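Comments concern the structure below.
The values are calculated or read from the model by the stated rules, or taken from the named source; none is laboratory data. These figures come from a predicted structure and were not determined experimentally. Note that we place each Cβ from the backbone using ideal geometry, even for glycine, and neighbour counts take in every protein chain shown. Only protein heavy atoms, including side chains, enter the accessible area calculation; ligands, DNA and RNA are left aside. Shrake-Rupley method; radii C 1.70, N 1.55, O 1.52, S 1.80 Å.
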2 protein chains.
Amino acid sequence: MARLSTRTGDLHASPVREMLSIAQRPGVISFAGGLPSPESFAGLDLPPPPRELLQYGPTEGEPELRAKIAGELSALGIDSAPDRVLILSGSQQGIDLAAKLVVDPGAVVAVESPAYLAALQVFRFFGARFEILDRTDPAATWDAAPPAMAYVTPTFQNPTGGCWSATERRALAQACDAHDVILFEDDPYRDLVYEPCERRPVCAEVKSASWIYQGSFSKTVAPGLRLGFLTASEDIFPLLVRLKQAADLHTNRLSQWMVLQYLNDPDRAARMERVAALYREKRDVFDEALTRHLGDLATWTVPPGGLFFWVTLGGAMDPETLLKKALERGVLFTPGSHFLAEGGACPAIRLNFSLATPEDAERGLRTLGEILRG
Amino acid sequence: MARLSTRTGDLHASPVREMLSIAQRPGVISFAGGLPSPESFAGLDLPPPPRELLQYGPTEGEPELRAKIAGELSALGIDSAPDRVLILSGSQQGIDLAAKLVVDPGAVVAVESPAYLAALQVFRFFGARFEILDRTDPAATWDAAPPAMAYVTPTFQNPTGGCWSATERRALAQACDAHDVILFEDDPYRDLVYEPCERRPVCAEVKSASWIYQGSFSKTVAPGLRLGFLTASEDIFPLLVRLKQAADLHTNRLSQWMVLQYLNDPDRAARMERVAALYREKRDVFDEALTRHLGDLATWTVPPGGLFFWVTLGGAMDPETLLKKALERGVLFTPGSHFLAEGGACPAIRLNFSLATPEDAERGLRTLGEILRG
């Protein structure tokens, strides 16, 4: 028997992976993943990329793309600069790099609960213990023992779709400053905005703590390109670059060039408005179908942005049982328990509304309603 | 001061990184990196890729590409299959995944010395201790305490350019089988072959041990696409897929599609012959210039493949002093000590011959000779 690292003990077959393989069967309606609508993708009608991009490139990324991103981050109030932007092979990679930077076995990471499950998995894999963040009083327990890092998705959070208030954002920034806690803000959904909503980055409020802010082009350009970015405070940025170099040398240069074309496209703002309108419409259709079929069986808040509804079941059936029965009828979703840092049961389910057609949303939600009614 | 993981103590500013930034200054002649010649790259004149590749894709990679690679690996004698090929964001990523799979702090990894320095860095970063592999008797010390893994680059090794004999390959496979040591074979240079040479993968000889075999398209297609692959024994392959998912979800799909086009290109074999001819010519020109300028000051073996000369200096000057003086005159190389698993001094230097023009090779090597002569 091969001798493997202790961390492989945590590499359970993911229930989500199993579900996603079912999701690919023809005729299955999946609310389980977080796939953007293909209608939202930027097109591929670009001139041929420069041939010199075929050579190895800099670990940090292409200078023009880094400068463009730094300018946009500065406009959000973040203390960024072109030489402090690191291009990532998708923002999942930023989570891996941050975990490597911070997490020794037993290190405490403060997280929301529920939180993005693939971030929880990575932190757990490196041996993190979790402390659940209280948004109204984040430093409640930090006097005794501050965590090594706070990981948050304050804007259109996955899975809840919610946004932190300005007060909550300031409170977290101040808590991190006061206790020297690294703030890691994950912000992949900020441009998928359907109603006015507080979106000022928490990192823009930090004065002295170390911080990492990351974003993604998966939702605004296309996920298949695997392109994200991070910026970080001066003390830790160089370490993240070295971790990136050890992880995959640098990110695909053709993708970087393509994303730069999209960012410089005169039609960009109009395209993002069309994407937001498309998703707003999909969200509203989904909300109406939810009301029709689960209105008396569950509660939810209409998300002001992002890709998900977080729906709390009334108690007639637990989410795992519902999922089992729904799978038999070709409908998938993700049970809320997968997003809990502390583990245990959760009465909620996460429903993705960006991928399904209106007809599939109607049919899938009607099926869930029928099952819940027994 | 932010609380960082203990492993960040190992994130020294890399002397190689510093050198590479100097290498980009105009007029500098660099033998330091491992950059392929741009003349070797496959072209970009491809039809537009299918639009569905813009969506998220499978963690394992595109099915057609996996099948194509599995077929070629089977032809090499490796026990591969399409569902046991994992597409990587460059083969550096395979090293990160293997380290995560195997290396707990204090775990022993058996390596050649010298060995690929970015692999040593990653293993060290995860807390590995190194044992130097004796090619003629790999299991010499394994009865008492076998290592967790053996990492080798038996074909056109970086930095030495050498190839293991058939006997040495069989001995390592048998040692891994007998002591249940995971064999990790890194094979990025196998298609850059200039003279007949033993190239049968060691993994093709393994009977019972766990194993990982990885390859790269950086030298046969283009490095900017960041595309590599691994295949592994059935027991550990699923764990590597989950580690890949946690690292970056999946590899860029457009690159995967592009590489598949190149692999299916009817001109592929002829193109690889042209690439080998180009590099053989560059190697011979480099060898002649070496003989002219360092013939009486150093010794080397002409490499039968790969991208490097490994040149042992006669003792007139140590490589670090030579590098310092060479940098002042705009010439770069990598001192051999960087490749030693055990650390310490090394009288050799690594010279890359694939990038420099014949004129730059001549001028750069003449400069090194002049410095060595005082």
Worksheet item: For region A:292-374, rounded, prolate or oblate, judged on the Cα gyration tensor with a ≥ b ≥ c (square roots of eigenvalues), a/c < 1.5 rounded, else prolate if a/b > b/c?
Response: rounded
Discussion item. Tell me which of A:47, B:160, B:243 sits at the most positive position along the dipole axis of the protein assembly as shown, charges placed on C-beta atoms (Lys, Arg +1; Asp, Glu -1).
Written reply: A:47
Practice prompt. Can you tell me which of A:145-151, A:207-213 comes out highest on packing, and rank the rest after it, using the mean Cβ neighbours within 10 Å?
Written response: A:145-151, A:207-213
Worksheet item: If you put +1 on each Lys and Arg Cβ and -1 on each Asp and Glu Cβ, how big is the dipole of region B:1-105 around its Cα centre, in Debye rounded to 20?
Response: 440
Worksheet item: Hey, what did region A:110-164 get for relative contact order, percent, Cα under 8 Å, at least 6 apart?
Response: 47
Practice prompt. Express the Stokes-Einstein translational diffusion coefficient of region B:171-311 in µm² s⁻¹, to the nearest whole number, given a Kirkwood radius over alpha-carbon pairs, 4 °C and a viscosity of 1.567 mPa s.
Written response: 73
Discussion item. Below 8 Å between Cα atoms, with a sequence gap of 6+, how large is the relative contact order for region B:203-282 in percent?
Written reply: 22
Item to complete: Please give the per residue accessible area of region B:219-374, computed with a probe of 1.4 Å over protein heavy atoms only, in Å².
Response: 36
Practice prompt. Would you please put B:175-188, B:333-346 in order of how densely packed they are, using the mean number of other Cβ atoms within 10 angstrom per residue and starting with the highest?
Written response: B:175-188, B:333-346
Fill in: In nm, spacing of pseudo-spin labels at residue A:278 and residue B:51 (7 Å Cα→C-beta vector)
0.9
Worksheet item: To the nearest whole percent, what portion of all C-alpha pairs in region A:224-374 is separated by more than 23 angstrom?
Response: 54
Worksheet item: What is the mean number of Cβ atoms from other protein chains located within 10 Å of the Cβ atom of each residue in peptide A:353-366, rounded to a whole number?
Response: 0
Response to the item:
Per-residue average of other protein chain Cβ atoms inside 10 Å, peptide A:237-249 -> 6
Worksheet, complete the sentence: Given unit charges at Cβ for Lys, Arg (+) and Asp, Glu (-), the dipole magnitude of region A:196-280 about its Cα centre in debye, nearest 20, is 220
Worksheet item: Using a 1.4 Å probe on protein heavy atoms only, how many Å² of accessible area do A and B hide from each other, summed over both chains and rounded to 100?
Response: 6100
Practice prompt. Rounding to the nearest 20 debye, state how big the charge dipole of region A:291-374 is about its Cα centre with +1 on each Lys and Arg Cβ and -1 on each Asp and Glu Cβ.
Written response: 120
Practice prompt. Among B:88, B:58, B:29, flag the residue with its Cα farthest along the positive direction of the charge dipole of region B:6-140, charges on Cβ as +1 for Lys/Arg and -1 for Asp/Glu.
Written response: B:29
Worksheet item: Quick one: with all protein chains in place, what share of the accessible area of region A:70-129 is carbon or sulfur, to the nearest percent (1.4 Å probe)?
Response: 55
Worksheet item: How well do other chains shield peptide B:122-131, expressed as the mean number of their Cβ atoms within 10 Å of each residue Cβ?
Response: 1
Discussion item. Order A:36-48, B:76-88 from most to least packed using the mean count of other Cβ atoms within 10 Å.
Written reply: B:76-88, A:36-48
Practice prompt. Sticking with the crude label model, points 7 Å out along Cα→Cβ, report the distance from residue A:141 to residue B:373 in nm, one decimal please.
Written response: 7.3
Discussion item. Could you work out [θ]222 nm for the protein assembly as shown from helices alone, using -39500 (n - 2.57) per DSSP H run of at least four and dividing by all its residues? Round to the nearest 500 deg cm²/dmol.
Written reply: -11500 deg cm²/dmol
Worksheet item: What relative contact order, as a whole-number percentage, does region A:260-374 give when Cα pairs under 8 Å and 6 or more residues apart are counted?
Response: 30
Discussion item. Based on alpha-carbon centroids, what's the gap between region B:349-368 and region A:33-61 in Å, whole number please?
Written reply: 35
Practice prompt. With N denoting the number of residues in the protein assembly as shown, provide Rg(C-alpha) divided by 2.2 N^0.38 Å, to two decimal places.
Written response: 0.98
Worksheet item: Given N residues in chain B, what is Rg(Cα) / (2.2 N^0.38 Å)?
Response: 0.99
Worksheet item: What FRET efficiency would be calculated for the residue pair residue A:39, residue A:174, taking the C-beta separation as r and a Förster radius of 41 Å, to the nearest 0.05?
Response: 0.50
